[in-house]
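As structure tokens, the structure follows; a few thoughts come after it.
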Amino acid sequence: MLDRDYMEWDECPEVDKCELIYEFLELIDSLVRDIQHLKAEAIRAKYELSEKYDPEHEWITTCDLLSGLDMPHYESIAYQKYMYIYYDGGDPLHFKDFTDSMVSIAKGRDDRKY
């Protein structure tokens with residue numbers, strides 16, 4: 001675990017603190033896009049399985065296909081700062097465009113945006 005007094009920029013004096021923070025934010029944004037893609041892939045896989053095992057959708061609902069994909073990162077201070085700086089406080093994992101796309105995938109209409 002990292003000590004609270006540890007200053008990562010002390011080990012790279014040639015890097016501006018703001019530049020280092022910006023690079024971390026870029027990394028988080030890239031990881032969020034990966035999470036969005038992986039969530040879409042998980043829903044696609046669940047949909048394909050539901051078509052195979054429950055083609056009439058009698059037991060498996062759209063809600064079932066969307067369940068179990070929430071991430072416990074929201075309470076992270078780093079994630080909150082990232083959302084504030086990059087998206088004016090909005091969570092890209094809950095933006096309407098993303099959630100609408102996930103619902104569409106769960107209903108078998110895949111726009112391949114994610």
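The values are calculated or read from the model by the stated rules, or taken from the named source; none is laboratory data. Values in this document were obtained by computation on a predicted structure and should not be read as measured data. Positions of Cβ are backbone-derived with ideal geometry, glycine not excepted, and every protein chain shown enters the neighbour counts. Side chains included, ligands, DNA and RNA excluded: accessible areas come from the protein's heavy atoms. Shrake-Rupley method; radii C 1.70, N 1.55, O 1.52, S 1.80 Å.
Per-structure values
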| quantity | calculated |
| --- | --- |
| Identity of the residue in segment 52-72, of a type in the set (Asp, Glu) and surrounded by 13 or more Cβ atoms within 10 Å (Cβ to Cβ), that ends up nearest to ASP111 (Cα to Cα) | ASP64 |
| Unmet criterion (only one of (1) open to solvent by 40 Å² or more (accessible area, probe 1.4 Å); (2) of a type in the set (Gly, Ala, Ser); (3) touching a Phe, Trp or Tyr at 6+ places or on another chain (Cβ under 6 Å)) for ALA40 | (1) |
| Selection status of LYS107, touching a residue at least 12 places away in the same chain (Cβ under 8 Å) and of a type in the set (Lys, Arg) | yes |
| Subset tally (residues that are open to solvent by 40 Å² or more (accessible area, probe 1.4 Å), closer than 21 Å to GLU23 by Cβ and free of Cβ contacts under 8 Å to residues at least 24 places away in the same chain) for segment 82-102 | 3 |
| Inter-residue pairs, beta-carbon under 6 Å, first within 17 Å of HIS94 (Cα to Cα) and in segment 54-79, second hydrophobic (A, V, I, L, M, F, W, C) and surrounded by 14 or more Cβ atoms within 10 Å (Cβ to Cβ), 6+ apart | LEU65/ILE43; LEU65/ALA106; LEU66/ALA106 |
| Among the residues listed as ILE60, ILE43, the single one being farther than 18 Å from PHE98 by Cβ and touching a helix residue (DSSP H, G or I) at 6+ places or on another chain (Cβ under 7 Å) | ILE60 |
| Qualifying positions in segment 79-102 - farther than 16 Å from GLU48 by Cβ, among the hydrophobic types (A, V, I, L, M, F, W, C) and touching a helix residue (DSSP H, G or I) at 6+ places or on another chain (Cβ under 7 Å) | ILE85, LEU93, PHE98 |
